[in-house]
1. Classify segment 174-303 as rounded, prolate or oblate from the Cα gyration tensor: take a ≥ b ≥ c as the square roots of its eigenvalues, call it rounded if a/c is under 1.5, otherwise prolate when a/b beats b/c and oblate if not.
2. Any chance you could run the full-extension gain for S186 through T163? It's 0.36 nm times the residue separation minus the Cα-Cα distance, nm to one decimal.
3. Give me the distance in nm between label points sitting 7 Å out from Cα along the Cα-to-Cβ direction at S335 and C14, one decimal.
4. Over all Cα pairs of segment 186-237, how is the pair count split among 10 Å bins, expressed in % and running from 0 up to the last occupied bin?
5. Quote the FRET efficiency, to the nearest 0.05, computed for D230 versus D284 with a Förster distance R0 of 22 Å and r equal to the Cβ-Cβ distance.
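Bear in mind that the values in this text are calculations on the coordinates, not laboratory data. Computed from a prediction, not measured in an experiment: that's the story for all the values here. Backbone-built Cβ (ideal geometry, glycine too); neighbour counts: all protein chains shown.
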Amino acid sequence: MMGKTRLGWTTLVCLGLLLGFWLGRQPGALAAGPSSPTLSASPSQTPSALSLGTKPLMPGEEVPELERPQQLKTNPPPPPPRPKAERRPLKVAPPPPPAAPAPVEQAPRLPSATYPTAGGPPTQLAFQSPAPTPQALSLTPAEYVARAEQSSQQLDALIRRGTLRAEFIGTGHAGTMAMMSLLNNSGKTVSVHLYPGMILRPGDGQKVQPLMINEETTITLAPGTSAFRDLQSFCMDSRVPAPAPDGPTAYRFSTRTKDGGPGTVRVFQIAQQIQLTPTAMPEDLQRQAVTQLALWKSMRQPVGDLQQTSALGSWFYDRATRQAVLADVERVLRSVR
């Protein structure tokens with residue numbers, strides 16, 4: 001009996017030593033709870049291990065890896081603002097200096113490149129431009145003058161009475177220096193005739209060329225209608241400028257062939273019929289230049305380089321053409337003498 005009691009106490013002491021040894025190796029286990037476990041008063045009960053908040057790490061067990069931190073997801077940064085455009089001061093060119101006034105021309109103008117329009121189309125008109133008949137070509141200078149003066153008297157009387165209203169606008173073109181507009185103010189149909197040799201005289205005090213008409217035309221106007229027509233014409237004074245392009249000129253039909261007369265009409269007739277010297281210049285332009293230069297020379301007016309340029313245009317710089325035209329002019333003048 002004594003031996004059994006000694007063996008039981010020996011067993012309890014061994015168990016206590018083992019428990020103390022284990023607790024010494026796990027110091028954190030005591031901190032898990034505020035109080036120590038109590039042993040039962042009964043010596044026959046075996047004390048149980050403490051409940052720990054964490055599982056004890058056993059020998060040979062791998063240490064668990066710490067949870068990897070996840071990358072924080074954020075919205076992309078806003079784009080940088082656009083740089084503001086640099087405001088530069090506006091550079092304004094200074095206004096050009098005022099142009100000097102054009103000098104007053106003392107010679108015919110050169111032909112321009114375009115013909116200025118001076119009004120809309122007529123409401124009703126009728127033109128009859130027959131070719132010159134053999135009888136017309138055979139008229140004497142006196143008959144030419146009489147026919148032209150008679151037609152001028154008729155047309156001028158209609159304008160003075162107010163039956164017709166006439167306006168003349170310059171073109172700046174050699175050969176067609178003026179455009180005529182006729183309006184029928186009456187309640188009846190009116191017919192007028194134009195013949196070569198008719199003279200358009202400028203108003204008193206106007207420094208502008210008188211014109212010789214080179215037209216054989218009948219113009220018929222119904223009541224209240226108008227007609228617009230370029231007038232084939234020649235300058236009758238090389239010392240003054242031609243009608244201003246696109247500008248009105250107070251022309252009147254002269255009842256007398258002023259600044260010319262029968263002698264000038266004869267020059268015109270011969271220049272229209274003479275056989276021209278062949279040149280590179282178109283024949284119609286060459287005949288126009290020969291007639292114009294012959295008219296000026298027959299009236300003993302200046303015919304220098306400026307006048308020749310106005311009659312020949314760019315052909316003035318073709319030496320062979322210019323010499324041929326001047327030779328034709330001299331043949332016309334010899335035929336009149």
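1. prolate
2. Separation in residues times 0.36 nm, less the Cα-Cα distance, equals 7.7 nm.
3. 16.9
4. With a bin width of 10 Å, the distribution comes to 22, 39, 31, 8.
5. So the FRET efficiency works out to roughly 0.90.
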